[in-house]
Amino acid sequence: MTREKIYLFDTTLRDGQQTPGIDFSVEDKIAIAAMLDNFGIDYVEGGYPGANPTDTAFFAKKRTEKAAFVAFGMTKRAGISASNDPGLAELLQSKSDAICFVAKSWDYHVKVALGCTNEENLASIRESVEAATAAGKMAMVDCEHFFDGYKANPDYALACAKAAYDAGARWVVLCDTNGGTQPPEIREIVAAVIAAGVPGSSLGIHAHNDTGQAVANSLAAVEAGVRQIQGTLNGIGERCGNANLVTLIPTLCLKESYSSRFETSIDTEKLVDLTRLSHAFDELLNRSPDHQAPYVGASAFATKAGIHASALLKDPRTYEHVTPESVGNFRKVMVSDQGGKANFINALKRRGIEVDKNDPRLDKLISIVKEREASGYAYEGADASFELLARRTLGSVPEFFGIEGFRVMVERRFDANGQLKTVSEAVVKLEIDGQRIMSVAEGDGPVNALDLALRKDLGKYQNEIDDLELVDFKVRILNGGTEAITRVLIESTDATGVRWWTVGVSENIIDASFQALMDSIVYKLMKNRSLAGKIAAE
Ligand SMILES: [Zn+2]
């Protein structure tokens with residue numbers, strides 16, 4: 001049976017740019033476009049040439065090899081001809097393969113935002129599409145506010161879509177710009193558009209996530225006949241984001257109700273790169289990946305209950321909706337205070353640690369973990385610390401270096417110019433091969449100063465930790481008993497891209513941070529020697 005193709009259109013670099021706190025440089029855009037192109041997305045929308053210097057520079061060259069490179073911009077202004085519109089000229093001159101015009105399709109916006117007549121807006125759509133086609137570019141039209149516009153004035157919304165299609169647009173994209181439309185409405189309105197004469201094979205959907213249903217709305221549109229989906233990496237975008245392609249793609253590929261009828265340019269072989277793509281993108285944004293992200297999150301295939309864990313290992317299909325390998329993720333059985341002995345043995349086995357169930361050191365490890373978890377440690381979120389604790393208790397962690405002590409000072413004073421400033425300074429004393437090393441560093445805060453001092457001079461190990469990077473640092477105050485204790489979780493990574501989590505607990509935040517930092521460094525040294533971290537290779 002031949003399957004129909006669903007075209008994937010990425011707007012991370014255009015609509016994703018609207019995300020609060022995100023501002024791409026030209027270099028960022030080049031890197032992201034290459035990631036999307038390599039992955040196999042059909043259309044990569046790069047931005048709005050002419051609207052800002054970054055996008056104009058980005059469109060000075062074609063930035064994709066396989067994917068169609070798409071420029072975004074307004075339809076021609078009313079009252080001037082297409083050939084006299086400077087905005088349109090910028091789009092036509094950009095090194096894009098296609099132009100995606102944004103057009104008003106709600107008569108209220110035509111009147112209020114454009115200040116032109118409904119007929120003038122239709123003429124702008126037609127003439128813009130014709131100008132793009134004449135310039136040898138593929139034309140697409142994003143019908144902005146289409147669903148709300150349809151509800152207010154169905155005839156006019158349909159007329160806009162028809163005008164784009166009749167003028168020769170390859171894709172007419174129905175946008176839920178405000179993001180409030182519900183799946184049944186999407187189905188109904190898409191059906192009305194098809195009935196009005198725009199075939200599904202020329203229709204796209206652009207959904208926003210304001211009710212948490214951008215993915216569901218995109219799939220509803222596909223069900224109704226649409227054959228192009230617009231979305232972004234990890235669902236970034238204005239307000240609550242756009243449809244998340246990282247969720248949609250595996251759903252289309254792996255879920256029988258779609259995969260039996262549709263295909264995309266991402267086959268099962270490419271799909272294995274999905275988790276890496278999603279994490280590499282977060283990396284570029286300098287933010288921590290969402291652990292609970294569908295398919296690609298660190299917790300997507302994690303379980304912690306004891307009974308589930310043992311059944312899971314016997315037959316993963318009973319607890320997983322797809323296999324973690326199919327999207328490049330991996331299964332994670334977490335150690336927790338709910339776990340029994342079998343759970344521990346399996347958790348260790350998965351890290352390449354063999355231990356006999358009658359080994360007394362195993363009982364010792366279990367009691368240490370339970371005791372520590374009762375006092376605030378959380379090993380399920382810190383598998384590197386768990387692995388170190390296990391290897392130490394079972395006797396296989398080398399003594400790389402010793403810590404003689406550390407001291408941290410925080411001073412608040414007026415500087416020479418009379419400005420109030422807070423200075424943090426840390427001193428760390430280490431011992432490596434009988435040699436004493438003392439490092440001093442100033443930092444942005446006491447923990448930062450301590451980290452800098454600790455990693456300033458590790459003697460013969462210094463070049464080994466050059467690529468160690470702290471990605472995230474989480475502090476939580478726990479109210480255990482009479483006084484508050486602090487738990488610090490640190491997420492680290494290195495040049496291999498592997499991530500690991502370590503934990504420290506103390507009544508003192510600096511001390512808790514120090515424990516987590518030490519674990520991270522020791523784990524890194526173990527990992528460099530293939531003495532730890534085998535779990536990532538699974
Ligand atoms: Zn949008």
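The values are calculated or read from the model by the stated rules, or taken from the named source; none is laboratory data. Note that the structure is a prediction, hence the values are computed from the model and not measured. As a convention, Cβ positions derive from the backbone with ideal geometry for all residues, glycine included, and neighbour counts pool all protein chains shown. For the accessible areas, the whole protein counts, side chains as well, though only heavy atoms, and no ligand, DNA or RNA atoms are used. Shrake-Rupley method; radii C 1.70, N 1.55, O 1.52, S 1.80 Å.
Worth pointing out:
- E442 vs. criteria in contact with a helix residue (DSSP H, G or I) (Cβ under 7 Å, 6 or more places away or on another chain) and open to solvent by 90 Å² or more (accessible area, probe 1.4 Å): yes
- Residue match in region 69-83 (condition: small (G, A, S) and either closer than 29 Å to A224 by Cβ or within 16 Å of the ligand (Cβ to nearest atom) (or both)): yes
- Selection from region 50-72 of residues that are of a type in the set (G, A, S) and either within 13 Å of S124 (Cβ to Cβ) or open to solvent by 40 Å² or more (accessible area, probe 1.4 Å) (or both): G50, A51, A57, A60
- Test for G180: is it away from the ligand (no atom under 14 Å from the Cβ) and surrounded by fewer than 23 Cβ atoms within 10 Å (Cβ to Cβ): no
- Only one of A390, A416, A378, A374 that is within 26 Å of S299 (Cα to Cα) and loosely packed, with under 12 Cβ neighbours inside 10 Å: A374
- Every test in (1) part of a strand (DSSP E or B); (2) farther than 21 Å from M526 by Cα is passed by I510 save one, and that test is (1).
- Flag for D42 being open to solvent by less than 20 Å² (accessible area, probe 1.4 Å) and out of contact with any helix residue (DSSP H, G or I) (no Cβ under 7 Å at 6 or more places or on another chain): no
- Odd one out for V369 among (1) of a type outside the set (D, E); (2) over 30 Å from D273 (Cβ atoms); (3) part of a loop (DSSP other than H, G, I, E, B); (4) open to solvent by less than 30 Å² (accessible area, probe 1.4 Å): (3)
- Single match in K95, K61, K66 (criterion: within 30 Å of E256 (Cβ to Cβ) and modelled with pLDDT of 95 or more): K66
- The lone criterion from (1) crowded, with 17+ Cβ neighbours inside 10 Å; (2) touching a residue at least 24 places away in the same chain (Cβ under 8 Å); (3) over 21 Å from E387 (Cβ atoms) left unmet by E491 is number (3).
- Evaluated against (1) open to solvent by 10 Å² or more (accessible area, probe 1.4 Å); (2) at pLDDT below 95, D282 falls short on exactly one condition, (1).
- Single residue of region 7-23 satisfying the filter (surrounded by fewer than 23 Cβ atoms within 10 Å (Cβ to Cβ) and away from the ligand (no atom under 13 Å from the Cβ)) that is nearest to C100 (Cα to Cα): Y7
- Qualifying position, being in contact with a Pro (Cβ under 7 Å, 6 or more places away or on another chain), polar (S, T, N, Q) and touching a residue at least 40 places away in the same chain (Cβ under 8 Å), among S94, S105, S83: S94
- Filtered by the rule that a residue be assigned to a helix (DSSP H, G or I) and within 16 Å of the ligand (Cβ to nearest atom), region 95-111 gives a lone residue, H109.
- Pairs where the first residue, in region 379-405, is part of a helix (DSSP H, G or I) and at pLDDT 90 or above and the second is surrounded by fewer than 17 Cβ atoms within 10 Å (Cβ to Cβ) and not β-branched (V, I, T), C-beta under 8 Å, 6+ apart: R391/L531; T393/R361; T393/K364
- Every residue from region 112-169 that is within 16 Å of the ligand (Cβ to nearest atom) and open to solvent by 40 Å² or more (accessible area, probe 1.4 Å): A113, E144
- Cβ-Cβ contacts under 8 Å between residues 6 or more apart (or on different chains), taken from a first residue in region 15-28 that is within 21 Å of A207 (Cα to Cα) to a second residue that is open to solvent by 30 Å² or more (accessible area, probe 1.4 Å) and away from the ligand (no atom under 16 Å from the Cβ), are listed as Q17/D23; I22/L285.
- When region 332-355 is filtered for residues that are part of a loop (DSSP other than H, G, I, E, B), at pLDDT 75 or above and over 15 Å from R392 (Cα atoms), only R350 remains.
- Any chance A33 is of a type in the set (G, A, S), open to solvent by 10 Å² or more (accessible area, probe 1.4 Å), touching a Lys or Arg at 6+ places or on another chain (Cβ under 9 Å) and away from the ligand (no atom under 16 Å from the Cβ): no
- You will find that of V397, V423, the residue that is of a type in the set (A, V, I, L, M), within 20 Å of F514 (Cβ to Cβ) and surrounded by fewer than 16 Cβ atoms within 10 Å (Cβ to Cβ) is V423 and no other.
- Residues of region 73-97 that are open to solvent by less than 20 Å² (accessible area, probe 1.4 Å) and not polar (S, T, N, Q): G73, K76, D85, L88, L91.
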